[in-house]
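Participant: The following block contains the structure, expressed as structure tokens.
The values are calculated or read from the model by the stated rules, or taken from the named source; none is laboratory data. Model, not experiment: these values are computed from the prediction. Please note: Cβ atoms are built from the backbone with ideal geometry, for glycine as well, and neighbour counts cover all protein chains shown. Keep in mind that these areas ignore ligands, DNA and RNA; they rest on the heavy atoms of the full protein, side chains included. Shrake-Rupley method; radii C 1.70, N 1.55, O 1.52, S 1.80 Å.
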Amino acid sequence: MSYEDYIDLSPQAILDKFNQNREKGYNQNKITSLQEQYGKNLLINNQITWWHILLRQFKSAFIYILIAASIVTFALGEHIDSIFILFFIVINVLLGFYQEYKSEQTTKFLKKYTNKRATVIRDGEEKTVDATELVPGDVVIVETGDIIPADIRIIQSTSLMLDESTLTGESVQVRKDEKELTQKVSETFPATNTVFSGTTVTEGRGIGIVVGTGANTQFGKISKLTTQVEESSSFEKQIDKFGKFILFLTLITLALVIIVHIVFKDTLSIVELTIYSIALAVGVIPEAMPLVTTFSLSLGAQNLAKKKVIVKRLSAIEDLGGIQVLCTDKTGTITENKLSVANIYSNDNDHTLIKGLIAASSLDKKGTPNNSFDLAIMNKLGNKAESIINNAKRINEIPFNPNRRRNSVMVEYENNTQLIVRGAVESVMPHVKKLNSGENEKLMQWILNEGREGRRIIAIAYRDFNKEEYEIADEESSLTFVGLISFEDPIKESTEIAIKKAKELGITTKIITGDSPEVALAVGSEIGITGNQNDVITGDDFHSLPRNKQKEIIKKVNVFARVSPEQKHELIKLLQEDYEVGFLGEGINDGPALKAAGVSIVVDNASDVSREVADIILLKHDLKVIIDGIEQGRKTFVNVANYIKATLASNFGNFYAMAFVTLFIDYLPMLPMQILLVNLLSDFPMISIATDNVDKKNILDPKNYAIKELILLATILGLVSTAFDFTMFGIFRNYGESSLQTYWFIGSILTELVLIYSIRTKGWFFKIKNLPSKTILILTIIAGFITVYIPFTNLGIEVFKFITPSMDKLLIIFAVVIGYLVSTEFVKKIYYKYLNFSS
């Protein structure tokens, strides 16, 4: 099946070929049958199963090293050591599998909200379905802002224009219509009656029949376009680089230690040193960091989803948490978008309402208006509205778009053919016959008064028409003025709470709207983001200023009115130079601004083009949802940062101490099995940091969490850890090999556990109001109990070579741990006061 088979057929012939009825479409039984025959409308069907994820856990250099260590120890007769290393591998693989499987399930869950959609006619009704459900023969409706979901032969069109640059590389818009071609074509560009999967509707409307799905579309045949590259955040890239640096540093350090032993000491065998070094490397290298980071972000994504915020990529959570300036339109986000007619300026109110309804800018398949303005007019007209709609026959139209700010409709109504134009006052009135000065002054005063009340206004004009051939755009002149209608759109109850919370989080909210300055200022004043009459500027006025003045104004002014899509794009670009900007858009013309923003946010019913470029999708059109999402994003990222600080500080502290003390004693300060057990017992509580309750002080300032600063603090805390490791070495070295190993084992884990509680806050840990999560409390208590208890057991004594601890030595360890906690608290406070350059 190919589009080429249908380009020379008439619309009716195509319907007949598919045994299709344009008004009814297919029924569900037919859809099911065709889906079984042709499959889903997918380019790639690459399902990731649980066993794929399990096998991935073994594709790690660290696992290979551990397997090699297990084989070597088994060959040397250390069977118990070998079995324990294998056990450690199994635990790590299962832990990694669980984390990655949960993350994959989260990703699948999120994809349900980010899939493309299509408007189809099925069972006699207009429906919105997942684009993957389309089948050949489906009747599909496409409109401005849609990304074409399949190859579709157009059978009816109104001013339909497409951007086919994704397919052809040409940025010129292409006109499409339903006319059959006189001859076959083999290229997409001459196929003027077919729209292709992946291209974008830039203007107009069309109805067509699906002639190609999935791999059978032209898009599917171009393999280079079907490979999607996963986007990584700057944080993820820095983590990856740092992980490689840690590996390099670890190997160099261990190599130096081994060389020094070989050259200057001869107390330990090469095999012992090698296995010990492997265990140390596994203990220090945060091989699970990328996985734990992903797991933490997936938990954050789940929490965001509960708040009606969907992230298209997990790394976008970091970006969301860093928003400093939030730019949004007011309609539907700040206001209810439930319009009601407030006032009418006209000699005949009913006549104005009727003309306004006939020129409705958005109709469903049944011809019922579904736009907020149209619904408000219908409610005002009451029972008369339905008969007016039924008696008005549309002949042609130019749909509304943000550049024209008006829509124009050619209709037959009560035996008259009329062109009715409806839209923004400044867009319609230049096409109206000139009013006398007195009438014009009265009209402008009415507009000003309504605007100050925060009411939105549309103007309506018309002209009688009798031409057979015409272009609507050429006929919009010498119109007769009908009247103005103003609409009230109440502020959402949640908006005031959201604005207050945004200020607490250090977020500046700016309104960028196409509405008049009076309306925008009234709304800004009511919600508390404007202070005076000068805190508003129009897009034209702003862009007439020199750049240095623009930079000054953009920091002070929070309301921008009558902003065109191009001006919106420039505004966002200018803001992005100095701030991390979040922008909420929804229409096709918001695409450039969404791309320019650091964080692009759209609502669920936004145009396909906007959804495609967005980082975040809101399931609820509400400013409070965005602010809650930003807060959750910061919480998630604080936990990720805390995990990195805790694991690096504790791992490096132990690593350097254990590596270098071997130079001063003739035995290993901790056996390889004991080191692996330290790693195992401390990993579980560390991972639970992802579930922690975050201190409010940690999320008040929007900022980009630089990995260098995380590393600086982790390094400083690591030095503290090293100092206390040397302290334990100094205390217990004279008590013998087994004593040193046992008490250092206990001290190492307990210091790591208390560090988790210290890094939770920038202040004193005991003053934090948010208690740790239940998961952290339970896992740290269990890990602490096992740590102290295991040396008392036969398993600990016979397998791990511990000795039974004495109470007086345990008290010394507890005292060292308390001393360590106090020291980290003071060091942390000093760091945040004097060395934290990002604060």
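Participant: Among 832, 756, 745, flag the residue with its Cα farthest along the positive direction of the charge dipole of the range 721-839, charges on Cβ as +1 for Lys/Arg and -1 for Asp/Glu.
Facilitator: Selected residue: 832.
Participant: Going highest first, how would you order 576-582, 194-200 by mean Cβ packing within 10 Å? Write out the running numbers ahead of the final one.
Facilitator: Values: 576-582: 18.0, 194-200: 24.3.
Order by mean packing, descending: 194-200, 576-582.
Participant: Follow-up. Computed over the Cα atoms, what is the radius of gyration of the chain divided by 2.2 N^0.38 Å, N being its residue count?
Facilitator: Numbers: Rg = 33.8 Å, N = 839, 2.2 N^0.38 = 28.4 Å.
Normalised by 2.2 N^0.38 Å, the Cα Rg of the chain equals 1.19.
Participant: Among the listed pairs 635/767; 338/620; 500/595; 338/510; 500/620, give every one whose C-alpha distance is greater than 24 Å. Walk me through the numbers on the way to the answer.
Facilitator: Values: 635/767 19 Å; 338/620 15 Å; 500/595 28 Å; 338/510 22 Å; 500/620 19 Å.
Cα-Cα > 24 Å for 500/595; rest within.
Participant: With the dipole of the chain worked out from charges on the C-beta (+1 for Lys and Arg, -1 for Asp and Glu) around the Cα centre, which of 70, 722, 188 lies farthest toward the positive end?
Facilitator: Positive-end residue among those listed: 722.
Participant: Roughly how many debye, to the nearest 20, is the charge dipole of the chain about its Cα centre, given +1 on each Lys and Arg Cβ, -1 on each Asp and Glu Cβ, and no other charges? Each step should come with its number before you reach the end.
Facilitator: Details: 88 positive and 96 negative charges, 399 e Å.
Dipole magnitude for the chain comes out near 1920 debye.
Participant: Of all beta bridges DSSP finds with both residues in the range 432-498, what is the antiparallel percent, to the nearest 5? Spell out each step's value before the answer.
Facilitator: On the way: 7 of 8 bridges.
Roughly 90 percent of the beta bridges in the range 432-498 run antiparallel, per DSSP.
Participant: Out of the DSSP beta bridges found with both residues in the chain, what percent are antiparallel (nearest 5)?
Facilitator: Here the antiparallel bridges make up roughly 75 percent for the chain.
Participant: Continuing with this model, one more query. Per residue, how large is the accessible surface of the range 413-476? Use a 1.4 angstrom probe and give square angstrom. Don't skip to the answer; put the middle values down first.
Facilitator: Numbers: 3790 Å² over 64 residues.
Computed with neighbouring chains in place, this is 59 Å² per residue.
Participant: Counting Lys and Arg as +1 and Asp and Glu as -1, each charge on the Cβ, what is the dipole of the range 415-534 about the Cα centre in debye, to the nearest 20? Walk me through the numbers before you get to the answer.
Facilitator: Working: 14 positive and 20 negative charges, 96 e Å.
The dipole of the range 415-534 has a size of about 460 debye.
Participant: Here's another thing I want to ask about it. Classify the range 303-359 as rounded, prolate or oblate, taking a ≥ b ≥ c as the square roots of the eigenvalues of its Cα gyration tensor: rounded when a/c is under 1.5, otherwise prolate if a/b is larger than b/c and oblate if not. Intermediate results must be reported in sequence, preceding the final value.
Facilitator: Numbers: a/c = 4.35, a/b = 3.37, b/c = 1.29.
In terms of gyration-tensor shape, prolate.
Participant: Whole angstrom only: what separates the Cα centroid of the range 587-626 from the Cα centroid of the range 182-213?
Facilitator: Cα centroid of the range 587-626 versus Cα centroid of the range 182-213: 27 Å apart.
Participant: For the pair residue 708 and residue 793, how long in nm is the line joining their label points, each one 7 Å along Cα→Cβ?
Facilitator: 4.7
Participant: Right, another one. So for the range 482-615, Kirkwood radius off the Cα pairs, Stokes-Einstein at 20 °C and 1.002 mPa s: how many µm² s⁻¹? Let's see the in-between values first.
Facilitator: Details: Rh = 15.7 Å.
Estimated via Stokes-Einstein, D reaches 137 µm²/s.
Participant: Take residue 453 and residue 578, extend 7 Å from each Cα along the Cα→Cβ direction, and tell me the distance between the two endpoints in nm.
Facilitator: For the pair residue 453/residue 578, the computed spacing is 3.8 nm.
Participant: Can I ask one more? For a test of the definition: using alpha carbon positions, the gyration tensor, and the 1.5 limit on a/c, classify the range 582-625 as rounded, prolate or oblate. If you can, show how the numbers build up before the last one.
Facilitator: Details: a/c = 1.94, a/b = 1.28, b/c = 1.51.
Note, shape of the range 582-625 comes out oblate.
Participant: Along each of the three principal axes of the Cα atoms of the range 399-458, give the extent in whole Å, ordering the values from largest to smallest.
Facilitator: Rounded to whole Å, the extents work out to 37, 28, 20 Å.
Participant: Placing one identical point scatterer on every Cα of the range 763-839 and ignoring solvent, what is log10 I(q)/I(0) from the Debye formula at q = 0.25 Å⁻¹?
Facilitator: -1.17
Participant: Rounding to the nearest 20 debye, state how big the charge dipole of the range 565-608 is about its Cα centre with +1 on each Lys and Arg Cβ and -1 on each Asp and Glu Cβ.
Facilitator: Taking the Cα centre of the range 565-608 as origin, the dipole is about 60 debye.
Participant: Follow-up question, since we're still on this one. Take peptides 120-130, 637-647 and line them up by average Cβ neighbours within 10 Å, highest first, as a rough protection proxy. It would help to have the intermediate numbers written out before the result.
Facilitator: Details: 120-130: 15.2, 637-647: 24.7.
Descending mean neighbour count gives 637-647, 120-130.
Participant: Tell me the angle of helix 493-504 to the major Cα principal axis of the chain, expressed in degrees between 0 and 90 and rounded to the nearest ten.
Facilitator: 40
Participant: Probe radius 1.4 Å, ligands and nucleic acids ignored: give me the carbon and sulfur share of the accessible area of the chain as a rounded percent.
Facilitator: On the way: 20200 of 37670 Å².
Using a 1.4 Å probe with all protein chains present, the chain comes out at 54 percent carbon and sulfur.
Participant: Right, another one. Just the accessible area per residue of the range 579-662, please: how many Å² with a 1.4 Å probe? Don't jump to the answer; show the numbers that get you there.
Facilitator: Details: 1760 Å² over 84 residues.
Counting only protein heavy atoms, the per-residue value for the range 579-662 is 21 Å².
Participant: With each run of n ≥ 4 DSSP H residues scored as -39500 (n - 2.57), what mean residue ellipticity at 222 nm is computed for the chain after dividing by its residue count and rounding to the nearest 500 deg cm²/dmol? It would help to have the intermediate numbers written out before the result.
Facilitator: On the way: 29 runs with 407 residues, N = 839.
That calculation yields -15500 deg cm²/dmol at 222 nm.
Participant: Sorted by mean Cβ packing within 10 Å, highest first, what order do the peptides 351-358, 3-10 take? All intermediate terms of the calculation are to be shown ahead of the outcome.
Facilitator: Numbers: 351-358: 22.6, 3-10: 17.6.
Ranked by mean Cβ neighbours within 10 Å, highest first: 351-358, 3-10.
Participant: Would you please classify the overall shape of the range 731-799 from the alpha carbon gyration tensor, given that a ≥ b ≥ c denote the square roots of the eigenvalues, rounded means a/c under 1.5, and beyond that prolate means a/b larger than b/c while oblate covers the rest? Before the final figure, lay out the partial values.
Facilitator: Numbers: a/c = 4.85, a/b = 1.89, b/c = 2.56.
In terms of gyration-tensor shape, oblate.
Participant: Report Rg (one decimal) and Dmax (nearest whole number) for the range 536-649, counting Cα atoms only, units Å.
Facilitator: 16.6, 54
Participant: What share of all Cα pairs of the range 591-668, in percent, falls into each consecutive 5 Å distance bin?
Facilitator: Going from the shortest bin to the longest, the percentages are 3, 13, 14, 13, 11, 8, 7, 6, 6, 6, 5, 5, 4, 1, 0.
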